[in-house]
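Report on the following structure.
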Amino acid sequence: MGIETVLPTDSVLTTNLNRVVNWARRSSVWPMPFATACCGIELMATACSRFDLARFGAEVMRFSPRQSDLLIVAGRVSVKTLPVLQRIYAQMAEPKWVISMGACASTGGVFDTYAVVQGIDQFIPVDVYVPGCPPRPEMLIEGIMAIQRIIDQENIPRDPSGHRRALNIALTPNYEPKNQPLPVTIGAT
Ligand code: SF4
């Protein structure tokens, strides 16, 4: 069972080294979860059997930045926590990617206060913004797939000085608000 049952084992395949390296990279993205609030629960659900992140080779959550190449920031980041996030990002191996999951990580969400960072992209480069409060696991998977497509098809974008550019991909929300089933009256007696 396996590839050797459909291909003759004495055959030779030729390909381009970039394709093999990118195929290996996109098939083994290892996330570093930085979950600080409710979005973290959806992040956990993404790895469970119902959504099964393992289908995309990205279920191996590492809690060491040195073993991770995808930082998923899920939840609000306080000003006090920010240096920890920056240190984790700095310690991750290149090439590395960042997903900002949910409204709080991307914009501060409803927490428009002096204590909450109003968007992590002011301090670390963000590749994919996943909208929602919280985003569903499918949206997070879409964000991971967006990174996989970039790795697979377009290599790793770099600026003229050789540093990797942030991808800045904003996913379109897949949720359509529906009308209230019953009229809501505020202040009714
Ligand atoms: S975006 Fe919504 S669900 Fe996510 S951490 Fe903020 S308040 Fe919680």
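The values are calculated or read from the model by the stated rules, or taken from the named source; none is laboratory data. All figures in this text were calculated on a predicted structure; none of them were measured in a lab. Ideal geometry is used to build each Cβ from the backbone, glycine not excepted, and the neighbour counts take in all protein chains shown.
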Problem set entry | Residues located in segment 158-179, provided they are surrounded by 10 or more Cβ atoms within 10 Å (Cβ to Cβ), within 19 Å of GLU138 (Cα to Cα) and without any contact (Cβ under 8 Å) to a residue 24 or more places away in the chain | none
Exercise. Among the numbered criteria (1) under 30 Å from VAL110 (Cβ atoms); (2) in contact with a Gly (Cβ under 9 Å, 6 or more places away or on another chain), which single criterion is violated by THR46?
Worked result: (2)
Exercise. Is it the case that segment 87-95 has a residue that's of a type in the set (Phe, Trp, Tyr), farther than 15 Å from VAL126 by Cα and either in contact (Cβ under 8 Å) with a residue 12 or more places away in the chain or more than 16 Å from the ligand (Cβ to nearest atom) (or both)?
Worked result: no
Problem set entry | Set PHE111, PHE56: member being more than 16 Å from the ligand (Cβ to nearest atom) and not aliphatic (A, V, I, L, M) | PHE56
Exercise. Would segment 123-138 turn up any residue that is modelled with pLDDT of 90 or more, within 16 Å of the ligand (Cβ to nearest atom), surrounded by 22 or more Cβ atoms within 10 Å (Cβ to Cβ) and more than 25 Å from SER49 (Cα to Cα)?
Worked result: yes
Seminar exercise, completed: If you go through GLY75, GLY57, the only one that is buried (at least 17 other Cβ atoms within 10 Å of the Cβ), on the phi > 0 side of the Ramachandran plot and in contact with a helix residue (DSSP H, G or I) (Cβ under 9 Å, 6 or more places away or on another chain) is GLY75
For this session: Specify the residue that is farthest from the ligand (Cβ to nearest atom); the eligible residues are those in segment 22-44 that are out of contact with any strand residue (DSSP E or B) (no Cβ under 6 Å at 6 or more places or on another chain), touching a residue at least 12 places away in the same chain (Cβ under 8 Å) and within 14 Å of ILE72 (Cα to Cα).
Result: TRP30
Exercise. Do we have ILE141 as at negative phi, not in a loop (DSSP other than H, G, I, E, B) and not acidic (Asp, Glu) here?
Worked result: yes
Exercise. So how many residues does segment 4-24 have that are surrounded by fewer than 10 Cβ atoms within 10 Å (Cβ to Cβ) and more than 23 Å from GLN153 (Cα to Cα)?
Worked result: 8
